[in-house]
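Accompanying notes for the structure given below.
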């Protein structure tokens with residue numbers, strides 16, 4: 001028999017100080033966790049492997065969760081052309097009490113291969129103070145159609161040798177699981193979910209853009225952070241960046257010291273910090289800074305024989321960084337990816353980590369095995385094969401492989417990774433909302449690429465802000481960190497937009513406790529407004545408090 005329980009009421013949206021609550025859900029017949037089986041759920045293709053009761057875990061902020069039923073299973077199990085077993089693995093966490101009537105699909109990351117847990121989502125645009133289960137949401141996720149294992153699981157792109165696994169990674173895993181997950185939640189609680197949300201950053205941001213383009217009839221709202229929707233092109237850019245850094249030092253990890261990049265950051269601030277009316281260690285006007293800052297003229301170059309100690313750059317460093325920030329190009333100057341903004345966050349550990357470490361390890365694996373036709377098997381992030389791959393990469397010819405197809409791989413990587421109709425989003429316009437945020441100092445996916453997308457969307461529809469908004473986070477690196485106010489609750493803003501019709505005209509952001517990359521001049525309570533593009537935060541005339549968001553307006 002099914003256990004009879006009363007489903008909990010929908011909590012207030014949070015973040016706006018409102019005490020309003022949605023009407024309580026009617027009493028419903030809810031399954032017990034023990035009753036969750038493939039037969040009882042009875043959804044096409046859904047194989048339940050396990051359903052276990054998870055005890056509550058105490059914790060502050062985003063740590064911890066209430067007691068819940070954790071379901072894991074598979075969709076579409078098969079044997080790939082490489083002889084390996086594949087399936088779309090899924091997870092579904094279902095709160096035992098106080099379910100708020102809604103559910104969230106938690107996005108993947110990197111090369112996927114694992115399920116998303118609630119605690120890891122606290123800083124995915126959710127303000128760092130809570131997580132989906134604590135808020136009462138059911139939480140679904142998938143492994144992207146393949147399962148990683150071992151210590152190098154996050155660096156393993158071998159699934160890319162199977163053409164269907166590529167499609168699952170790009171869009172089909174969420175395309176298959178999301179509609180079924182919504183039905184699964186309904187079957188478990190005995191009530192149709194009130195609202196459905198997607199939340200993800202990085203590769204999860206790319207999946208979010210797929211959700212916005214392909215699944216707007218499933219999701220009422222999508223929160224996509226630092227979205228790598230042009231991921232194959234950004235991989236090409238990584239190959240280009242590696243080659244530029246190698247002109248400085250054959251060991252690209254030594255091309256720039258922390259002091260070198262701190263010097264560049266200080267010169268960016270000297271030229272661009274005050275463009276928004278306040279000298280506060282933040283560059284809000286990235287477009288103006290692009291024309292205002294010239295690395296060749298504004299950063300001292302070392303004289304012959306001068307020892308570098310953070311006071312100057314070598315000529316090769318200036319040229320390499322100038323080329324990187326101008327965007328990947330062929331030898332004849334044809335652009336292969338977006339350019340990058342001059343943001344002081346380029347001295348952050350995360351920016352350096354992407355440009356000088358992950359780009360030489362992870363990017364060759366993704367490019368060789370997942371994003372190219374034909375693929376190049378055997379490239380390993382942890383040995384010399386990754387290094388050999390990017391050094392041999394031909395910027396005039398190899399990039400064509402991301403558009404390639406053949407009899408085995410019938411869909412190019414650009415076609416399975418890039419969401420269709422991104423610059424029109426016709427279904428989303430009618431049925432859903434999209435909130436995108438992106439760090440200005442993201443070192444792997446350029447915020448300028450995201451700005452270019454949004455500008456095209458606005459060009460096609462002057463009313464695009466009614467259903468899609470972009471928020472640039474100055475100083476923030478990839479999905480967080482950097483000299484920035486990187487703690488913000490974009491999710492609550494999305495919920496208010498969807499459920500109350502209140503579009504986000506700004507999102508209040510604060511510094512993250514424990515962020516050791518914050519300038520010493522910043523207070524621990526610094527806050528700033530994040531502004532919907534194309535507006536930006538500017539100093540409000542007559543203001544006196546440099547540490548308060550109230551001293552700035554979006555215009």
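Read-outs: derived from the displayed coordinates by stated rules, not from any lab. Just so it is clear, the structure is predicted and the values come from calculations on it, not from any experiment. When we count neighbours, we look across all protein chains shown, and the Cβ atoms used for this are built from the backbone with ideal geometry, even at glycine.
Of all DSSP beta bridges confined to the chain, the antiparallel ones make up roughly 60%. Mind pulling the angle between the C-alpha long axis of helix 231-246 and the longest principal axis of the chain? Nearest 10 degrees, somewhere in 0 to 90. Long axis of 231-246 versus the principal axis of the chain: about 30 degrees.
According to the calculation over all Cα-Cα pairs in segment 232-416, the P(r) per 5 Å bin from zero is 1, 8, 15, 18, 17, 14, 11, 7, 5, 2, 1, 0 %.
Here the relative contact order of segment 479-555, from alpha carbon pairs under 8 Å that lie six or more residues apart, stands at 27 percent. Taking the alpha-carbon centroid of each part, what is the distance from segment 204-260 to segment 147-202 in angstrom? Result: 20 Å between the Cα centres. Against the main long axis of the alpha-carbon atoms of the chain, helix 490-500 sits at an angle near 50°. Among 415, 162, the order by Cβ neighbours within 10 angstrom, fewest to most, reads 415, 162.
Note on 351, 453, 522: ascending count of other Cβ atoms within 10 Å places them as 522, 453, 351, the fewest first. Across the chain, Cα pairs under 8 Å and at least six residues apart give a relative contact order of 13 percent. Would you give the gap between the C-alpha center of segment 476-512 and the C-alpha center of segment 336-395, rounded to a whole Å? Each part's Cα centre sits 29 Å from the other's. For segment 106-145, what Kirkwood radius comes out of the mean inverse Cα-Cα distance, in Å? Roughly 10.5 Å, rounded to one decimal.
Ordering 276, 143 by the number of other Cβ atoms within 10 Å of each residue's own Cβ, fewest first, gives 276, 143.
Between helix 315-326 and the chain there is an angle of about 40 degrees, using the helix long axis and the longest principal axis of the Cα atoms.
List the relative contact order of segment 232-416 as a percent without decimals, with contacts defined as Cα pairs under 8 Å and 6+ residues apart. About 26 percent, as a whole number. The packing ranking of peptides 303-313, 438-448, highest mean first, is 438-448, 303-313, where packing means the average number of other beta carbon atoms within 10 angstrom of each residue.
Report note on the peptides 119-127, 265-273, 199-207: ranked by the mean count of other C-beta atoms within 10 Å, highest first, their order is 199-207, 119-127, 265-273. Of the options (i) 31.9; (ii) 24.1; (iii) 25.9, only one is mean projected area of the Cα convex hull in nm² as computed from these coordinates, and that is (iii).
Per-peptide packing, taken as the mean over residues of other Cβ atoms within 10 Å, places 211-219, 32-40 in the sequence 211-219, 32-40 from highest down.
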